[in-house]
Amino acid sequence: MIFGFNTDIKHEDTVYHVQSEAREGETLLQTQVFVRGRCIGKHAISYAEQASSQGFTDQQKEQMLREQHRQVLDAIRDGRLEEIFDKRENPEALTAVKELDIQWLNSDSVHAGDQLSMKLRATESGHAVPGARLTIRLARANAAPFYAQMVTDGAGEAVLVLAVEEWSLSDSSVLVQVNSQGRTATRKFQLRPVQS
(Lines give C-alpha, C1' and ligand atoms only; values in the text may rest on other atoms or scores of the structure.)
Protein backbone atom coordinates (compact mmCIF):
# COMPACT_ATOMS: atom_id res chain seq x y z
CA MET A 1 0.00 0.00 0.00
CA ILE A 2 1.46 3.37 -1.05
CA PHE A 3 0.19 6.49 0.60
CA GLY A 4 1.37 9.97 1.42
CA PHE A 5 0.48 13.54 2.21
CA ASN A 6 0.99 16.75 0.18
CA THR A 7 0.44 20.22 1.67
CA ASP A 8 1.20 23.74 0.45
CA ILE A 9 1.91 26.15 3.31
CA LYS A 10 2.98 29.79 3.24
CA HIS A 11 5.36 31.33 5.78
CA GLU A 12 6.28 34.99 5.38
CA ASP A 13 6.79 35.41 1.59
CA THR A 14 7.61 31.78 0.78
CA VAL A 15 5.24 28.98 -0.27
CA TYR A 16 6.52 25.57 0.81
CA HIS A 17 5.28 22.29 -0.65
CA VAL A 18 5.56 19.54 1.95
CA GLN A 19 5.42 15.97 0.71
CA SER A 20 5.49 12.90 2.96
CA GLU A 21 5.50 9.29 1.84
CA ALA A 22 6.17 5.81 3.15
CA ARG A 23 9.14 4.37 1.28
CA GLU A 24 8.31 0.73 1.85
CA GLY A 25 11.38 -0.69 0.08
CA GLU A 26 13.62 1.08 2.61
CA THR A 27 11.10 1.00 5.52
CA LEU A 28 11.45 4.78 5.78
CA LEU A 29 8.94 7.53 6.42
CA GLN A 30 10.26 10.49 4.44
CA THR A 31 9.13 14.10 4.32
CA GLN A 32 10.58 16.45 1.70
CA VAL A 33 10.14 20.21 1.52
CA PHE A 34 10.12 21.99 -1.84
CA VAL A 35 10.25 25.66 -2.79
CA ARG A 36 9.42 26.41 -6.44
CA GLY A 37 9.89 22.73 -7.36
CA ARG A 38 13.34 22.40 -5.77
CA CYS A 39 13.87 20.17 -2.73
CA ILE A 40 15.39 22.27 0.07
CA GLY A 41 15.55 19.59 2.74
CA LYS A 42 14.35 16.23 4.06
CA HIS A 43 13.36 14.54 7.27
CA ALA A 44 13.30 10.72 7.35
CA ILE A 45 12.85 8.12 10.06
CA SER A 46 13.06 4.35 9.85
CA TYR A 47 10.06 2.29 10.86
CA ALA A 48 11.91 -1.04 10.43
CA GLU A 49 11.67 -1.84 14.15
CA GLN A 50 7.89 -1.28 14.23
CA ALA A 51 7.42 -3.18 10.95
CA SER A 52 9.19 -6.24 12.38
CA SER A 53 6.82 -6.43 15.36
CA GLN A 54 3.71 -8.56 15.04
CA GLY A 55 0.48 -6.70 14.60
CA PHE A 56 1.98 -3.52 13.06
CA THR A 57 -0.70 -2.25 10.67
CA ASP A 58 -0.84 0.09 7.68
CA GLN A 59 -3.04 2.33 9.81
CA GLN A 60 -0.29 2.66 12.44
CA LYS A 61 2.26 3.40 9.72
CA GLU A 62 -0.06 6.02 8.22
CA GLN A 63 -0.54 7.62 11.66
CA MET A 64 3.25 7.82 12.15
CA LEU A 65 3.62 9.45 8.74
CA ARG A 66 0.73 11.86 9.43
CA GLU A 67 2.40 12.93 12.71
CA GLN A 68 5.78 13.43 11.00
CA HIS A 69 4.09 15.50 8.25
CA ARG A 70 2.37 17.65 10.91
CA GLN A 71 5.68 18.20 12.76
CA VAL A 72 7.29 19.57 9.59
CA LEU A 73 4.28 21.86 8.95
CA ASP A 74 4.52 23.11 12.54
CA ALA A 75 8.26 23.77 12.10
CA ILE A 76 7.51 25.89 9.01
CA ARG A 77 4.80 27.86 10.86
CA ASP A 78 7.21 28.46 13.77
CA GLY A 79 10.09 29.53 11.49
CA ARG A 80 12.35 26.66 12.64
CA LEU A 81 12.39 24.48 9.53
CA GLU A 82 16.19 24.11 9.48
CA GLU A 83 16.07 22.41 12.90
CA ILE A 84 13.97 19.52 11.61
CA PHE A 85 15.96 18.75 8.44
CA ASP A 86 18.29 15.76 8.45
CA LYS A 87 21.86 17.04 8.65
CA ARG A 88 24.46 15.84 6.18
CA GLU A 89 26.96 15.23 8.99
CA ASN A 90 24.47 12.95 10.76
CA PRO A 91 22.96 10.94 7.88
CA GLU A 92 21.87 7.68 9.57
CA ALA A 93 18.27 7.92 8.41
CA LEU A 94 19.16 8.96 4.88
CA THR A 95 21.91 6.46 4.10
CA ALA A 96 19.35 3.89 2.96
CA VAL A 97 17.51 6.33 0.70
CA LYS A 98 18.30 6.01 -2.96
CA GLU A 99 17.40 9.40 -4.36
CA LEU A 100 14.68 8.60 -6.86
CA ASP A 101 13.46 11.90 -8.29
CA ILE A 102 11.62 13.48 -11.18
CA GLN A 103 12.84 16.64 -12.92
CA TRP A 104 10.89 19.04 -15.13
CA LEU A 105 13.34 19.88 -17.91
CA ASN A 106 11.45 22.54 -19.89
CA SER A 107 9.74 24.48 -17.09
CA ASP A 108 10.50 27.80 -18.78
CA SER A 109 8.66 26.96 -22.04
CA VAL A 110 5.74 24.62 -21.51
CA HIS A 111 2.88 26.01 -23.60
CA ALA A 112 2.92 26.75 -27.33
CA GLY A 113 0.40 26.43 -30.15
CA ASP A 114 -2.46 25.39 -27.82
CA GLN A 115 -0.37 22.50 -26.49
CA LEU A 116 1.03 21.84 -23.04
CA SER A 117 4.32 19.99 -23.39
CA MET A 118 6.16 18.84 -20.26
CA LYS A 119 9.52 17.11 -20.67
CA LEU A 120 10.24 15.02 -17.57
CA ARG A 121 13.30 13.02 -16.51
CA ALA A 122 13.43 10.29 -13.88
CA THR A 123 16.73 10.11 -11.99
CA GLU A 124 18.19 8.09 -9.15
CA SER A 125 21.23 9.47 -7.35
CA GLY A 126 21.64 11.82 -10.32
CA HIS A 127 21.57 9.07 -13.00
CA ALA A 128 18.82 8.60 -15.59
CA VAL A 129 16.28 5.85 -14.87
CA PRO A 130 15.04 4.20 -18.09
CA GLY A 131 11.81 2.19 -17.95
CA ALA A 132 10.40 4.07 -14.93
CA ARG A 133 6.60 4.37 -14.83
CA LEU A 134 5.25 7.92 -14.51
CA THR A 135 1.72 8.59 -13.32
CA ILE A 136 0.62 12.16 -13.97
CA ARG A 137 -2.33 14.14 -12.63
CA LEU A 138 -3.12 17.57 -14.11
CA ALA A 139 -5.40 19.53 -11.76
CA ARG A 140 -7.09 22.66 -13.13
CA ALA A 141 -9.62 25.04 -11.63
CA ASN A 142 -13.15 24.43 -12.93
CA ALA A 143 -12.17 21.22 -14.75
CA ALA A 144 -11.97 17.54 -13.90
CA PRO A 145 -8.44 16.25 -13.25
CA PHE A 146 -6.66 14.66 -16.20
CA TYR A 147 -4.61 11.50 -15.66
CA ALA A 148 -1.91 9.97 -17.84
CA GLN A 149 0.69 7.21 -17.56
CA MET A 150 3.89 6.78 -19.50
CA VAL A 151 7.25 5.02 -19.31
CA THR A 152 10.60 6.78 -19.53
CA ASP A 153 12.86 6.11 -22.52
CA GLY A 154 16.52 5.01 -22.51
CA ALA A 155 17.58 8.48 -21.34
CA GLY A 156 15.10 8.37 -18.43
CA GLU A 157 12.90 10.94 -20.20
CA ALA A 158 9.24 11.17 -21.18
CA VAL A 159 7.20 13.95 -22.77
CA LEU A 160 3.60 14.70 -21.85
CA VAL A 161 1.75 16.59 -24.60
CA LEU A 162 -1.84 17.80 -24.12
CA ALA A 163 -4.07 19.93 -26.33
CA VAL A 164 -5.15 22.64 -23.89
CA GLU A 165 -5.63 26.39 -24.07
CA GLU A 166 -3.16 28.50 -22.10
CA TRP A 167 -5.80 30.55 -20.25
CA SER A 168 -7.16 27.35 -18.64
CA LEU A 169 -3.78 26.60 -17.02
CA SER A 170 -3.62 29.45 -14.51
CA ASP A 171 -3.55 28.08 -10.95
CA SER A 172 -3.05 24.56 -12.29
CA SER A 173 -0.71 21.95 -10.91
CA VAL A 174 0.83 18.74 -12.18
CA LEU A 175 1.46 15.90 -9.73
CA VAL A 176 3.98 13.34 -11.04
CA GLN A 177 4.69 10.02 -9.36
CA VAL A 178 7.68 8.01 -10.57
CA ASN A 179 7.85 4.29 -9.84
CA SER A 180 10.96 2.21 -10.42
CA GLN A 181 11.68 -1.26 -9.02
CA GLY A 182 9.15 -0.86 -6.20
CA ARG A 183 10.40 2.58 -5.14
CA THR A 184 8.33 5.71 -5.64
CA ALA A 185 8.81 9.45 -5.46
CA THR A 186 6.24 12.17 -6.05
CA ARG A 187 6.69 15.78 -7.10
CA LYS A 188 4.15 18.55 -7.50
CA PHE A 189 4.79 21.25 -10.10
CA GLN A 190 2.81 24.50 -10.18
CA LEU A 191 1.93 25.96 -13.57
CA ARG A 192 2.09 29.75 -13.80
CA PRO A 193 1.81 32.18 -16.69
CA VAL A 194 5.14 33.37 -18.08
CA GLN A 195 5.92 36.89 -16.90
CA SER A 196 6.35 39.20 -19.86
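A count restricted to the range 37-49 and to residues that are of a type outside the set (D, E) and loosely packed, with under 13 Cβ neighbours inside 10 Å stands at 2.
When we screen Q59, Q30, Q63, Q54 for residues that are at pLDDT 85 or above and under 20 Å from Q181 (Cα atoms), the only hit is Q30.
Scanning the range 117-163 for residues being over 17 Å from F189 (Cα atoms) and β-branched (V, I, T) gives a total of 3.
If only one of T184, T123, T95, T152 is hydroxyl-bearing (S, T, Y), crowded, with 16+ Cβ neighbours inside 10 Å and modelled with pLDDT under 85, which one is it? Don't jump to the end; show me each part of the working.
On the way: T123 fails: modelled with pLDDT under 85; T95 fails: crowded, with 16+ Cβ neighbours inside 10 Å; T152 fails: modelled with pLDDT under 85.
Every option except T184 fails the conditions.
The values are calculated or read from the model by the stated rules, or taken from the named source; none is laboratory data. From a predicted model like this one, the values you see are computed outputs, not experimental measurements. Heads up, the Cβs are rebuilt from the backbone with ideal geometry, glycines too, and the neighbour counts pull from every protein chain shown.
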